[in-house]
Amino acid sequence: MAETDEFQIWTARDNSDNICVISLANATGNVAGYCGSEEQTVKAGVPGSMQVGIADEGDTSVTVLQTYLLPDGADAAAAAKQIPGSQAFGQLVVRYGPMELERTTTISVPAENGEVSLTVFGRDSLS
């Protein structure tokens, strides 16, 4: 779904037919996968986040790779504008870089049938 010098992102289905997002951070080789049922994916998408760099205690420069697979009809470009440092690749929003948000928050994204609420991970999600 997306590839840059920093990351590669794929979608797949698991043995239970859930929709999954597989993330690879090229710099470290860290891999993470996040899955959601078809019902969950249609309603709210599949969010995932992984810590790429190791932060010392009190360090604010921890690097993360965050992915947000939005449901069809949700405005990924509008979501990317609300998530600092992110970019949209079709229905996928990816953020790679230093953690900027201190707290996990919820944003609203325009969609065909109203809005989709999306949880955006902050530093508090890494503990």
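The values are calculated or read from the model by the stated rules, or taken from the named source; none is laboratory data. The shown structure was predicted, so the numbers you read here are calculated from the model rather than taken from an experiment. Because the Cβ atoms are built from the backbone with ideal geometry, glycine has one as well, and the counts that use them run over all protein chains shown. With ligands, DNA and RNA removed, areas are computed over all heavy atoms of the protein, side chains included. Shrake-Rupley method; radii C 1.70, N 1.55, O 1.52, S 1.80 Å.
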Those residues of region 65-82 that are closer than 20 Å to Asn30 by Cβ and either of a type in the set (Phe, Trp, Tyr) or not in a strand (DSSP E or B) (or both) come to a total of 1
Say we look at region 1-55 and pick out the residues that are assigned to a strand (DSSP E or B), farther than 23 Å from Ser117 by Cβ and of a type in the set (A, V, I, L, M); which of these is least open to solvent (accessible area, probe 1.4 Å)?
-> Ala25
Members of region 83-127 found to be part of a loop (DSSP other than H, G, I, E, B), at pLDDT below 90 and on the phi > 0 side of the Ramachandran plot, listed by number | Gly85
Kindly provide the set of residues from region 92-104 that are free of Cβ contacts under 8 Å to residues at least 60 places away in the same chain and open to solvent by less than 60 Å² (accessible area, probe 1.4 Å), ordered by number.
-> Val93, Arg95, Gly97, Met99, Leu101, Thr104
